[in-house]
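What follows is a single structure, written as C-alpha cells, with notes after it.
The values are calculated or read from the model by the stated rules, or taken from the named source; none is laboratory data. Nothing here was measured: the structure is a model prediction, and the numbers come from that model. Glycine gets a Cβ as well: all are built from the backbone with ideal geometry, and neighbour counts include every protein chain shown. Heads up: the accessible areas ignore ligands, DNA and RNA and are worked out on the full protein's heavy atoms, side chains in. Shrake-Rupley method; radii C 1.70, N 1.55, O 1.52, S 1.80 Å.
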Amino acid sequence: MRLEPPHPLVGLAVASVLALALLITRPAPSAAAAGTLQGDIPHDGTGLVVWGGGTTTELSQAAEQQGCHTTTLWTTSSGHFAVYIYGAPDVVNAPFIEQFPGTSMPPGTALVIACSGPVGPSQSAIVAISSIENEFANAAFDGINRARVENGRSTLILDTRLRSAAEKYASLVFSKGELSHSFDGQPWERAQREGFPSQYVGEVIVSRGSSEGLNVPHDAPELVTAWMNSPPHRDIIIGKDYSFVALGVGCATGIDRAGLNTVVCVAMLGTP
C-alpha cells in the first residue's frame, strides 16, 4: 500500500527542503534587470532564477514568455523561507504576502520556481471509466463518509465536478507510475478546470498493488483504512482544519510496471 502525502490547501515541507538545498548548493545567476527573469528556466520542473523585481503576476508573465507556466516559487527573506503557490487562497500564501506586501519582490531576488509542462490528453480529455473503477470509487466514497460519521462528522455530498477531476487525475497518476499531487498543477486547479467554484480543495491519494486479482469488497476498505491510519490523511478526511462539505472520488486500475494488479484512488474534498 502506498500513500502520497496529502495535499490540503498547502503541504510543501518536502518541497521547501528541496528548494532550500538548491539555494545553498547552486551558484546564483547574475543579477537581472527590473522586470526580467534570468537563470535556469525550465519548461517542466524546477529551476534556480534571479528576478529583476516586481510582483508574482509580473514574474509569471515573464516566465510564460520563456515557456514556463509557473505553479510555485520559493525564496528566502530576512532568514525566513517563503513559498508562493499560484492560484492558492490567500490563507495559504499569507506568510509570503506578509514578507512581500503586494507580492512584490525586490530586484535581485533569488528564487526557485516550479514550472508545469503542457497539459496532455489524459488531463484534458474525457477519461473512460470501467465498471470496476466505478465500483472502487463508490466504495471509497462510502468508506470516507462512514469514517467521518464514526469520528462525529457529517457526511459529504457527491460533487460531480470533484469526481471528474479525481477520475482524470487518478488516470494520470496511474500512467505516471508514481504518486504525486502536482503532475498537472495543484488540486484546486484541477477542480476549477472542471467548474468547481472554490480554491478550498483537499486531496488524498492511495494505491494498492497485488499479484492476485483486484477485489472491490476486500480492497476498497483497505484503501480507506490506509488513509485513516495516516494522521495527515485522516485530518483531511475528517476535516480537522477545514469544513469540507463536498467529495469526489476517482480510481484507476490496471497492471502496473511491476506487473501487479493495481488500483489508484484519488479523493478530492472541497467547499464551494
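This table checks each residue for (1) crowded, with 21+ Cβ neighbours inside 10 Å; (2) free of Cβ contacts under 8 Å to residues at least 60 places away in the same chain.
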| site | (1), (2) |
| --- | --- |
| Ser130 | no, no |
| Ala140 | yes, no |
| Val149 | no, yes |
| Arg153 | no, no |
| Asp159 | yes, no |
| Leu162 | yes, no |
| Lys168 | yes, no |
| Leu179 | no, no |
| Trp188 | yes, no |
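In segment 71-111, which residue that is modelled with pLDDT of 85 or more and among the polar types (S, T, N, Q) is farthest from Arg193 (Cα to Cα)?
Thr109
For segment 188-206, state whether one or more residues are of a type in the set (A, V, I, L, M) and under 16 Å from Val92 (Cβ atoms).
yes
How many residues are modelled with pLDDT of 85 or more and either open to solvent by less than 30 Å² (accessible area, probe 1.4 Å) or within 22 Å of Ala94 (Cβ to Cβ) (or both) when one looks only at segment 42-56?
Step one: of segment 42-56, the residues modelled with pLDDT of 85 or more are 46-56.
In the following step, the residues that additionally are either open to solvent by less than 30 Å² (accessible area, probe 1.4 Å) or within 22 Å of Ala94 (Cβ to Cβ) (or both) were identified as 47-56.
Number of matching residues: 10.
In segment 112-139, which residues are touching a Phe, Trp or Tyr at 6+ places or on another chain (Cβ under 9 Å) and modelled with pLDDT of 80 or more?
Result: Val112, Ile113, Ala114.
Just to verify a result, which residue in segment 194-227, among those that are surrounded by fewer than 22 Cβ atoms within 10 Å (Cβ to Cβ) and in contact with a helix residue (DSSP H, G or I) (Cβ under 7 Å, 6 or more places away or on another chain), is nearest to Thr72 (Cα to Cα)?
Once the filter is applied, the top-ranked residue is Gln199.
Within segment 69-110, how many residues turn out to be open to solvent by 50 Å² or more (accessible area, probe 1.4 Å) and of a type in the set (A, V, I, L, M)?
2
For every residue, the table says whether it meets (1) aromatic (Phe, Trp, Tyr); (2) over 26 Å from Asp44 (Cβ atoms); (3) touching a strand residue (DSSP E or B) at 6+ places or on another chain (Cβ under 7 Å).
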position: Asn138; (1), (2), (3): no, yes, no
position: Arg146; (1), (2), (3): no, yes, no
position: Arg163; (1), (2), (3): no, yes, yes
position: Ala166; (1), (2), (3): no, no, yes
position: Ala170; (1), (2), (3): no, no, yes
position: Lys176; (1), (2), (3): no, no, no
position: Leu179; (1), (2), (3): no, no, yes
position: Asp184; (1), (2), (3): no, no, yes
position: Gln192; (1), (2), (3): no, no, no
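So Gly248 clears everything in (1) on the phi > 0 side of the Ramachandran plot; (2) within 18 Å of the chain's Cα centre (by Cα) except one condition, right? Which one?
Result: Gly248 passes all but (1).
Give me the pairs, please: first residue somewhere in segment 222-250 and at pLDDT 95 or above, second residue anywhere and of a type in the set (Ser, Thr, Tyr), beta-carbon distance under 6 Å, and either six or more positions apart or on two chains.
Every condition considered, the pairs that remain are Val245/Thr271.
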